[in-house]
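Remarks on the structure that follows.
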Amino acid sequence: MQKAVDSADAYVIEGKLALPYSYFAGRVGSTFITALRDSKQILGVRCDKCNKVFVPPRQTCERCMADLRENWVQLENTGEVVNFTVVRYSDKHLPRKTPYILAMIKLDGADTPLVHILDEVKIEDIKPGMRVEAVFSEKTTSTILDIDHFKPIA
Amino acid sequence: MGYKKKNRHVGIVGVGETKFSSHREDVNQAEMIHEAVRQALDDANLTMDDVDCVVHGNMELFEMIHQPDLWHTLGSGAYGKDAFRLTTGGTTGGTLACAGDNLAASGMYDVVMAIGFEKLQEGHTTGGITNMADPLWARKLQSGALTDSAAVKLIEEFGAERARRAAMTYRIIMDKHACLNPNSHRAFGLDWDQMDDLMENSPPLIGDLRLIHMCSQSDGACVVIYASEEKAKQITDTPVWVRDHITVHREETLDLCNNYYPTDTTHRFAAEKLYERNGITNPLEYFDVFEMYDPSAWWGTDWLKEFFLLEDDDHLKLVENKEIMIDGKMPINPSGGVIAANPIGATALVRVAEAAKQIRGNAGPHQIQKPVNHALASAFGGTMWTVLTMLEKELNW
Ligand SMILES: [Zn+2]
């Protein structure tokens, strides 16, 4: 097949930009991650006006602009699969060896689903509505991966 | 196609500014923005339901997040509303002000909220800004946002001693203003007896540009709410009218193939056009305050000449005679300006917000005591990009 573009003598500059960053999680995010790390508790916030419990938590309800930062709710470590997909390609930035399952999990007591890894289950056995529970990491990284994954409740 | 008059008048009806700081670990980006949003809504006595459109802006790459306007919905109030994101570099805040005005003037929206933010401590500013330069010609050579071009120019024109003294006088005046403004990031309490020491001993950055001359890297957010004339009059007794704005840019200053200093700066070009079409023959007499985007004391000093269309050494005399102080003939940056706080995506919008507060007469401790009827605000960005905004107390032009 003929090449569409003649690239002879065309110089390509290979570069790399270092863009280090920090992210200030804020007090609400900090409270969530600290509770997860230190007490294996998953926290959400409730908007009384909208009658919704949000997880991950946020300082402000984006629907009604109410200040939610004091409205903490402790959620169960259990919930149900809302939906899922399978990550099949491999790349450096991925948290697991592929294939692995990413699922939207609505924790008991929450109105919004949380994205996390679903494991200890065969892909063909997963169904929306399936009951699951959190498995916490043995070592903390002070990130959302302090929940290592969710697994089906036997 | 030339400039056409606006479809309808637009007024500023609310402003909000966070305290500017070198770091805000206590809030995430959306939460910080929310502080300014809440302030602006309270200032205008509005709720988010009254806002038709949200325009959001910051610098690309500076916080290393993609689609920041979407992230920030948690604090910006943009949920379910028409929304835009703008990113025009250093001028972002100035472009946000243009967009707020244009969107409300167009008739598409009656009330538009413009949000500028930056959390410079979360990213690597110089890393981000280096992307501006061409990888083949300039990226390996670029010195980030730092340059001593204005120092070279002033020293060539007026000699090192006079130029250095003028730039440091400008710097100390800005610090004196910053000390009045409770939102300042940097306010050192500099005084005249420190002049010689600072000129000698402030750490050098590039050429004659020293650390003390240069703006800070700040975290903060600013919000300005724009409304159509009819709405503005319903919302507040003290709308500040946006008379006109102009944007001018040229990009060749970083292109090493054609590296000549522009014969006319974008500042002068913008100022000439803006004054001409608004019938202003003597801007120094006309305006009561100028909030300038002055990234360094050298630039601030040099640019006075361009913005006020001055000749010879008139701009130096303004500085040397301290006429640019808050109680002087032509107050520049009663807020302390960009050297006092530079949360880049917000910075130029802060100039507009501060100019509007001066006209309303409620700027706080840095309020100019004389009446302020006509205000000018500028924005600057790389490579040479100018936005000028004119604000008025009365709707009578
Ligand atoms: Zn709500």
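The values are calculated or read from the model by the stated rules, or taken from the named source; none is laboratory data. Because the structure is a prediction, the values reported are computed rather than measured. Positions of Cβ are backbone-derived with ideal geometry, glycine not excepted, and every protein chain shown enters the neighbour counts. SASA here: full protein model, heavy atoms, side chains in, ligands and nucleic acids out. Shrake-Rupley method; radii C 1.70, N 1.55, O 1.52, S 1.80 Å.
Okay, here's what the table says:
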{"read-out": "Residue in the stretch A:52-61 that is surrounded by the fewest Cβ atoms within 10 Å (Cβ to Cβ), counting only those that are more than 8 Å from the ligand (Cβ to nearest atom) and not in a strand (DSSP E or B)", "value": "A:PRO56"}
{"read-out": "A:ASP108 being away from chain B (no Cβ under 14 Å), more than 16 Å from the ligand (Cβ to nearest atom) and under 19 Å from A:ILE42 (Cβ atoms)", "value": "yes"}
{"read-out": "Any hit, the stretch A:31-43, residues being within 16 Å of the chain's Cα centre (by Cα) and within 11 Å of chain B (Cβ to nearest Cβ)", "value": "no"}
{"read-out": "Residue list for the stretch B:139-170, restricted to those being touching a Phe, Trp or Tyr at 6+ places or on another chain (Cβ under 9 Å), surrounded by 19 or more Cβ atoms within 10 Å (Cβ to Cβ) and either closer than 22 Å to B:ASN321 by Cα or hydrophobic (A, V, I, L, M, F, W, C) (or both)", "value": "B:ALA150, B:ALA151, B:LEU154, B:ALA163, B:ALA166, B:ALA167, B:THR169, B:TYR170"}
{"read-out": "Residue that is nearest to the ligand (Cβ to nearest atom) [pool: residues in the stretch A:19-51 that are among the charged types (D, E, K, R) and part of a loop (DSSP other than H, G, I, E, B)]", "value": "A:LYS49"}
{"read-out": "Test: residue in the stretch A:70-80 that is of a type in the set (Asp, Glu) and either within 11 Å of the ligand (Cβ to nearest atom) or touching a His at 6+ places or on another chain (Cβ under 6 Å) (or both)", "value": "no"}
{"read-out": "Test: residue in the stretch B:97-108 that is without any contact (Cβ under 8 Å) to a residue 12 or more places away in the chain and open to solvent by less than 40 Å² (accessible area, probe 1.4 Å)", "value": "no"}
